[in-house]
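Enquirer: There's a structure below that I have some questions on.
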Amino acid sequence: MENVIADPSIVVAAKDQSSCPLGDDTIVLDLKAGLYFSLNNVGAFVWQMIQAPKSVAEIRAAIVATYDVEPDICERDLVALLRDLAARDLIEIRDAAAA
């Protein structure tokens, strides 16, 4: 069953990964699969935020405050990024009540 990604959902980077900045981007290594992933500057910003647990609402608010983006576009793109990272087991998404 796919995790529901909502404002109160808590997102945190998975433990079985390693990452490093590369210019404005970030490279993430999935230690279990041995695969590298590249995140652009906004993805890198999100990645840095979720090194400690954050709610989706906190992440979205920080993106909107930092970048020139409409909140609805930010919401759509953020959820897509989080779904992609979750599908690759690079993040954990928790129900806020369970966190």
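Enquirer: Quick one: how many residues across segment 87-98 are of a type in the set (A, V, I, L, M, F, W, C), closer than 24 Å to residue 19 by Cα and part of a loop (DSSP other than H, G, I, E, B)? Walk me through it before giving the result.
Expert: Step one: filter segment 87-98 for residues of a type in the set (A, V, I, L, M, F, W, C), giving 87, 90-91, 93, 96-98.
Still in the list and also closer than 24 Å to residue 19 by Cα: 87, 90-91, 93.
Add one more test, that the residue is part of a loop (DSSP other than H, G, I, E, B), and what stays is 90.
Residues in segment 87-98 being of a type in the set (A, V, I, L, M, F, W, C), closer than 24 Å to residue 19 by Cα and part of a loop (DSSP other than H, G, I, E, B): 1 in total.
Enquirer: Please specify each residue of segment 1-37 satisfying the condition of being among the polar types (S, T, N, Q) and within 23 Å of residue 75 (Cα to Cα). It would help to see each step written out before you state the result.
Expert: First pass over segment 1-37, keeping only residues among the polar types (S, T, N, Q): 3, 9, 17-19, 26.
Scanning segment 1-37 gives 3, 9, 26.
Every residue, every condition in (1) under 15 Å from the mean Cα position of the chain (by Cα); (2) modelled with pLDDT under 90; (3) among the hydroxyl-bearing types (Ser, Thr, Tyr), yes or no:
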site	(1), (2), (3)
13	yes, no, no
19	yes, no, yes
32	no, yes, no
42	yes, no, no
46	yes, no, no
61	yes, no, no
71	no, no, no
74	yes, no, no
92	yes, no, no
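Enquirer: If the Cβ limit is 9 Å and pairs must be 6+ apart or interchain, which residue in segment 22-37 that is within 17 Å of residue 48 (Cβ to Cβ) pairs with which residue that is basic (Lys, Arg) and open to solvent by 50 Å² or more (accessible area, probe 1.4 Å)?
Expert: Partner pairs satisfying both residue conditions: 28/88; 37/88.
The values are calculated or read from the model by the stated rules, or taken from the named source; none is laboratory data. All of these numbers come straight from a predicted model, not from anything done at the bench. Methodologically, a virtual Cβ is constructed for each residue, glycine included, from the backbone with ideal geometry; neighbour enumeration extends over all protein chains shown. The area values use the complete protein model at the heavy-atom level, side chains included, leaving out ligands, DNA and RNA. Shrake-Rupley method; radii C 1.70, N 1.55, O 1.52, S 1.80 Å.
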